[in-house]
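The structure under discussion appears below in the form of C-alpha cells.
The values are calculated or read from the model by the stated rules, or taken from the named source; none is laboratory data. Since we're looking at a predicted model, the values are computed, not measured. Backbone-built Cβ (ideal geometry, glycine too); neighbour counts: all protein chains shown. Remember, those area values only see protein heavy atoms, side chains included, never the ligands or the DNA or RNA. Shrake-Rupley method; radii C 1.70, N 1.55, O 1.52, S 1.80 Å.
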Amino acid sequence: MSISIYHIIGIVLAVSLIEVFGIVSMRRVKNSEDFDTGGGRAGTLTVCGIIMGTLIGGQSTIGTAQLAFSFGISAWWFTLGAALGCVFLAFVYVVKIRKSGTSTLLEIVSKEYGRKVEVTASILCSIGIFVSIVAQIVSSSALLMTLFPMRLWIAALVSAMIMVLFVVFGGVWSAGIGGIVKLVLLCISSLTAGLVVLYLSDGYNGLFSNIKGLLTENGFHTISGLSSSEDVMHRYSNLFARGFGKDIGSCISVILGVLSTQSYAQGIYAAKSDRVAKKSALISALLTIPIGAACVFVGLYMRGHYITADEYNILAENNISIPEGIGVLTSSAQAFPVFITTYIPKFIGGIMLGTLLITVIVGGSGLSLGASAILVRDVFMQLSSKTGKHILLASRLTIVFLLAAAIIIGVATSGGFINDLGFLSMGLRATAVFIPLTLSMLLPKQFDGKRMLAAVIIGTIVLLIVKLSAMPVDPTFPGIAAVIVVALTGYKKRLTSIF
C-alpha cells in the first residue's frame, strides 16, 4: 500500500472542510445553552447531523469492516441496533424528553429519584461513553497509522487534537453542522465503496466465493479456528455467527444504549419542534442501515484477499507458503482504509479516507460533548454554585480531559475488536440510565429513589462481573435484569399493599 500526493490532497480537502464548519459554528455559541443544545432552534438537517455525527463513528465504519473481516455479516448488528434505537427514540421518547423541561436525560431521572441517583448514574453513564470515546481513538489511530508512518501514541494524540479543535469551540453546533457535511460525504463514500466491492466480486455471492477460496483452497482455514469449507461459509454468511444470544444481545445493547445516551438526546433537545426531532431520528435510522451494509461488504471483500500479520506469522511457522496476490494487514482494523488506498482512484480515495477520518472525529467529538454535558450539568453543577461562563469553561476543559484520558487507555487497549468496545459502552450506558429514565417517564411517582440508586449500582456491578468472567451471554442482559429486580423491590404500590 502506498499513499500518493493525490491521496493527501483529498484527505486535507475533506478534513479542512469539516474543521472550517466546526470553527465557523463557534459564532453561534453565546452561552452554555447554545453549546449544549443549540438553543433549541436546529432544523432537520442539523439534528440529523448531531445524531448521526455521533452514531456513525469508528465503530460503525472501521469497526464494522474489522468485525466483518473476522466474523462476516454478523458485524451488521451494530448499525442495525443503532437504526432500531433511533426508531424507538422517535416514536417513544422524543416528545417526553422535550416536554421534560431539562437539558440532559439525567436531569429527568433527578426530578423523579433525587440527586444521588442523578450523580451516580451520570458518573456510570459517562464511564460508558468514555469507553466509546476510546474506541473512536483506536479507530482513528488505526486509520492514521495506515496512511502515515507514525507510532500508535502519536496517532492517538493527533486524533484527539483534531477532535478538540472540532468540538471544544462550537459544541453542539459543531457536531450538527459538521455532521451534515460528514453525512453527505459518508453516504457518497460508503455507497461508492459498496458498489466497487460488488463490481470487483461479481456480485454478493462472489464475496463468499473469494473467502472460501482463500481460506480453504490454500489451507488457511485452520488459522481462523475453522475445520472445513462448510465452517467457513457458516461463519461468514451467518447473521448469528458469534452465537444467537451474543449477536441479538449486542443488537439490544446498542438499542438501549442509543436510548440512554446524552449525545443523541442533544439532537432531540436542539430540534426546534417535536416534528423535526422525530423526523430527524427516523431519517438517521434509514441512512444508518445501508452505511453499515457497505462497511460489511468491504470487510468481506478484504477477508477474501488479505490475511493479518498474526496469521502470516502462524503460516510461516508451519511452513505454509502464501500465494502471490494475497495481501497482509498489520491488523484487521486496517481493512477499510487499506481497501480504499488499494482499490479506489487516488484523489477520490483521498476524499474517502478524509471522510473516514471525519467520521471518527465527529463521532468522538459528539461522544465527548455528551459526556461533558452529563458531568458538568449533572455532577459539577450539583456540587458548585458557579454559572454562566464558568460552566462553558468547565464543559470545554472536561472535553479536553476526557480525550487526554482516552489517548492513554486507547494506546493500552488497541489490540481488541473496536466494536466489542462499542457494545460494552452501550451496555454500561443502558444499565446506568435506561431503566431509571424509562420508569420516570412512563410510571412516575411509583418507585423509591433509594432502591433505584441501589439498582443502578448493583446492575452495573453485575454487568462488569459477567463481562470479566467471559460468560456466553451479552452482559447487558443480566445487568438490566439486576436493575429491574432491585428497582421492583421499591415499587411503591407493592410497598403500600404490604404495610
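Some notes on this structure:
- Residues satisfying the stated conditions in the stretch 449-487, i.e. in contact (Cβ under 8 Å) with a residue 40 or more places away in the chain, of a type in the set (D, E, K, R) and either open to solvent by 50 Å² or more (accessible area, probe 1.4 Å) or in a helix (DSSP H, G or I) (or both): LYS450, LYS467
- Qualifying positions in the stretch 261-276 - farther than 15 Å from LEU369 by Cα and crowded, with 24+ Cβ neighbours inside 10 Å: ALA271
- Checklist (1) within 22 Å of LYS182 (Cα to Cα); (2) at pLDDT below 85; (3) more than 20 Å from the chain's Cα centre (by Cα) applied to ASN31, failing item: (1)
- The single condition from (1) modelled with pLDDT under 90; (2) surrounded by 23 or more Cβ atoms within 10 Å (Cβ to Cβ) that SER440 fails is (1).
- Considering residues of the stretch 310-337 that are of a type in the set (A, V, I, L, M) and within 21 Å of the chain's Cα centre (by Cα) only, the residue farthest from GLN136 (Cα to Cα): ALA335
- Residues of the stretch 382-410 classified as modelled with pLDDT under 80 and of a type in the set (A, V, I, L, M, F, W, C), total: 5
Residue-by-condition table, conditions (1) of a type in the set (Asp, Glu); (2) within 16 Å of LYS212 (Cα to Cα); (3) open to solvent by 20 Å² or more (accessible area, probe 1.4 Å):
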site	(1), (2), (3)
TYR301	no, yes, no
GLY304	no, yes, no
TYR312	no, no, yes
GLU317	yes, no, yes
ILE322	no, yes, yes
VAL328	no, no, yes
SER331	no, no, yes
ALA335	no, no, no
PHE339	no, no, no
